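The values are calculated or read from the model by the stated rules, or taken from the named source; none is laboratory data. Nothing here was measured: the structure is a model prediction, and the numbers come from that model. Positions of Cβ are backbone-derived with ideal geometry, glycine not excepted, and every protein chain shown enters the neighbour counts. Just the protein is used for accessible areas: all its heavy atoms, side chains included, with ligands, DNA and RNA removed. Shrake-Rupley method; radii C 1.70, N 1.55, O 1.52, S 1.80 Å.
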Amino acid sequence: MHSLAEYKPEDRPDLADPALGPSEPARVIEIGEVTAGIAVPEGRGVRFFSSARDFDGLDGAVFRTAEQAARAARASMSARSPDRSHRPALRRA
């Protein structure tokens, strides 16, 4: 599992290059009552950090948007559970 401490501001293109402008805030991704992880802006996308073992397969993955990360988390959960009614919820961290 990755640690947020591993990523220094100078390693993040969105913070190192002021021309890219401010990035969006980190988003918490929840599926039902389970917090899947957090999507942290990085460069031109978001990096997913899992907060539950069920989503460790996605840990460190980079997605174009937080919504894409949420869909991947939902698909990961759906593969484990026959109940596909859970929708990911995004909220500001």
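Out of everything in region 57-76 that is assigned to a loop (DSSP other than H, G, I, E, B) and not hydroxyl-bearing (Ser, Thr, Tyr), what residue ends up being surrounded by the fewest Cβ atoms within 10 Å (Cβ to Cβ)?
The qualifying residue surrounded by the fewest Cβ atoms within 10 Å (Cβ to Cβ) is ARG64.
Cβ-Cβ below 6 Å, separation at least six or inter-chain, first residue in region 34-50 and surrounded by fewer than 18 Cβ atoms within 10 Å (Cβ to Cβ), second of a type in the set (S, T, N, Q): which pairs?
Cβ pairs passing all conditions: THR35/SER51.
Spot the failing condition for ASP54; the list is (1) in a helix (DSSP H, G or I); (2) open to solvent by less than 20 Å² (accessible area, probe 1.4 Å), and only one is missed.
Result: ASP54 passes all but (2).
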